[in-house]
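Input: a single structure, listed below in structure tokens.
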Amino acid sequence: MMDPNMNLANMQPGALPPSYHSYPCMMPQEGQSASLPTQTPLPNLPHPSQPESPPPPPRVYKPCFVCQDKSSGYHYGVSACEGCKGFFRRSVQKNMQYTCHRDQKCIINKVTRNRCQHCRLKKCFEVGMSKECVRNDRNKKKKVKEEATESLVIPTEIEDVLQCVLQAHRDTFPQKPLLPPHNVDEDEESPLHPVSHFKGQDIDMVMFDYVTDMSSRAIVMVVDFAKKLPGFLQLSTQDQITLLKASCLDIMILRICSRFNPDDASVTFTTGLTLTQGQLKSGGFGSLLDIIFQFALSLSRMNIDETEIALLSAICLISEDRPGLEDTTRIEKMQEPLLEGLRLYVRKRRPKESHFFAKLLMKITDLRCISVKSAEKVFDMKVEFVKEMPALISEMIDKNDDE
């Protein structure tokens, strides 16, 4: 179990107990009106009595120069149909060599054009189709494809940031449990457990101890995660504490969401301990568990991976809009490579989902709403509940003096 006297002050970077491992969180948190431009008269308006000019006639293409079928426009230098355009392009690109079995004098029209490829290609050249136009078109498409591929390459300096954030996440929250999965011992699941009541909810005090212990350990590891992020240790101590208190629940909820079992809403922690949905609710989550579980399902449907969770965590932490910060300009500059890294990573991982980055950032708004509800619940429990709240949890949800 955690030291109940531990608080945020003695958790400053460099003073963390080395023996703590990563545990997912089990306690959720926390004009000037515009004027219209002056209207000016439009010049050269026609007089009402003058008839309006008729619209220009639609553009009419000549028949296909090769087969006299309906032309779709000018292709490779001449008016041509889609069939002859495609035939000429493929023939040139593949350097095709055709043979005629009728003295190379075949008549080419829209009925006979497919009977002799040799004479069709010959006529394409005779009417003026250009090889060079095909080559230029091919090179243009190749260039566009290369540019698209190049745009998905993440610059080295951004890639370094991504790897640093991902490693910090893995060091403080490994993907797989460190020990084999196991449940609460049967003799601990006794109907004789002491039960307390809080706003109509029965709280199993044994499960409450599990939940708060895991939560305290999770807070320790969020602090450790922050220490490892580029530039965090260079901030003032006050700004470090402000950022941690404002974002800790965001990060803890993200982490617990990645550990939910979608089938039964159970959670397996880094230690391998698995608590069921009922145990989590009776341990203090209550109805808040349903809200967190729905958020976890939405993340699961988006197929968010470990790197995206790590970057979202870092962006939640390094955020200049938190009240009480001293150096917002510096923190904003620290967040820029994190946002750019997430944008490029998402674009590279999902090249066909152009709006995914925006959707992912919107999840931060949802996350903050859940954190506010969580913080209110924990604060109420701290004030009204008979059981004393562990020091780390209590201090993390305490409001700053200027809020």
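The values are calculated or read from the model by the stated rules, or taken from the named source; none is laboratory data. Just so you know, these numbers come straight off a predicted model, no measurement behind them. Cβ coordinates were reconstructed from backbone atoms using ideal geometry, including for glycine residues, and neighbour counts include every protein chain displayed. Please note that ligands, DNA and RNA were not included when accessible areas were found on the heavy atoms of the full protein model with its side chains. Shrake-Rupley method; radii C 1.70, N 1.55, O 1.52, S 1.80 Å.
Of all residues in segment 350-403, exactly one satisfies the criterion of being modelled with pLDDT of 90 or more, buried (at least 19 other Cβ atoms within 10 Å of the Cβ) and among the small types (G, A, S), namely S371. Evaluate segment 266-273: report whether one residue or more is open to solvent by less than 30 Å² (accessible area, probe 1.4 Å), assigned to a helix (DSSP H, G or I) and not small (G, A, S). No: segment 266-273 contains no residue that is open to solvent by less than 30 Å² (accessible area, probe 1.4 Å), assigned to a helix (DSSP H, G or I) and not small (G, A, S). Has segment 290-303 got any residue that is modelled with pLDDT under 95, farther than 30 Å from K377 by Cβ and either over 12 Å from the mean Cα position of the chain (by Cα) or open to solvent by less than 20 Å² (accessible area, probe 1.4 Å) (or both)? Looking through segment 290-303, none of the residues is modelled with pLDDT under 95, farther than 30 Å from K377 by Cβ and either over 12 Å from the mean Cα position of the chain (by Cα) or open to solvent by less than 20 Å² (accessible area, probe 1.4 Å) (or both).
Look at (1) open to solvent by 80 Å² or more (accessible area, probe 1.4 Å); (2) modelled with pLDDT under 85 and you find that L233 fails only one, number (2). Out of everything in segment 326-377 that is of a type in the set (K, R) and under 21 Å from P155 (Cα atoms), what residue ends up being nearest to the chain's Cα centre (by Cα)? Looking at residues that are of a type in the set (K, R) and under 21 Å from P155 (Cα atoms), I get R343. Being out of contact with any Asp or Glu (no Cβ under 8 Å at 6 or more places or on another chain), part of a helix (DSSP H, G or I), modelled with pLDDT of 85 or more and not β-branched (V, I, T) is the requirement here; does L249 meet it? No: the conditions fail for L249.
If the condition is being among the charged types (D, E, K, R), closer than 16 Å to C119 by Cα and surrounded by fewer than 20 Cβ atoms within 10 Å (Cβ to Cβ), then segment 77-101 contributes R89, R90.
For I203, all conditions in the list (1) on the phi > 0 side of the Ramachandran plot; (2) in contact with a strand residue (DSSP E or B) (Cβ under 6 Å, 6 or more places away or on another chain) hold save one; what is the number of the exception? Status for I203: all satisfied but (1). Pairs please, first residue from segment 307-335 and at positive phi, second anywhere and among the acidic types (D, E), Cβ atoms under 7 Å, 6+ apart in sequence or on different chains. So the pair list comes out as G324/D402; G324/E403.
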